[in-house]
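Since every read-out is calculated from the coordinates, none of them should be taken as a lab result. Note that the structure is predicted; figures quoted are calculated from it, not measured. Every residue, glycine as well, gets a Cβ built from its backbone with ideal geometry; the counts of neighbours run over all protein chains shown.
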């Protein structure tokens, strides 16, 4: 998605530790008109899939997933990173290592919101090492649901997460794949439309 690449170049900031900061439009302050275009693009990319639920992980993926869900006309469910008194009944749980926060979370999803009849599209803001996506895939598998695909806004192609997930035959579509980044430049991989 060329418009996304241009926006990343214009507004993104590279930070030490391979951190790409895009909080001015994606995961702190959200440019809703732009995220609306992201939602339309995910609908185009996964139009042939029989999706009846979108799954993400809190927190940054929620807004993107909500806007995307309106184009599929399906509900979104998100895995929580903290137990709360509102979570009742049986739950799926897995552990997920956050690249950005350098922390391991116990990720929780109520079993009443995901089951064998669900055909799921995972949506998230970033894919680096693949820990969050792999955790969500574990939950989908445990639920007996079907994974239709994974939609990622920004993939760090120089890290192995995307390659490893694709090697398992999973349909991963990233709107922008960062090939390399320095303080002065961000280079993107060429992609098929």
Exercise for the section: Express as a percent, rounded to the nearest 5, the fraction of DSSP beta bridges in segment 91-193 (both residues included) that run antiparallel. Expected result: 45 percent
Exercise for the section: Please give the length that would be gained between residue 44 and residue 97 if that part of the chain were fully extended, namely 0.36 nm times their separation in residues minus their C-alpha to C-alpha distance (nm, one decimal). Expected result: 16.0 nm
Completion exercise
Note: segment 1-92 at 4 °C, 1.567 mPa s; Kirkwood Rh on alpha carbon pairs; Stokes-Einstein D in µm²/s works out to 87 µm²/s
Problem - Two-site FRET efficiency, residue 15 against residue 106, from Cβ-Cβ distance with R₀ of 30 Å, rounded to 0.05 - result: 0.65
Problem - Within segment 12-27, backbone nitrogen closer than 18 Å to the virtual label 7 Å beyond the Cα of residue 37 toward Cβ - result: 12-13, 22-27
Handout entry: Values of log10 I(q)/I(0), in the order q = 0.11, 0.15, 0.19 Å⁻¹, for the chain under a Debye, Cα-only, solvent-free model
Key = -0.46, -0.88, -1.43
Practice task
Write down the percent of antiparallel bridges among all DSSP beta bridges whose residues are both part of the chain, to the nearest 5.
Solution key: 40 percent
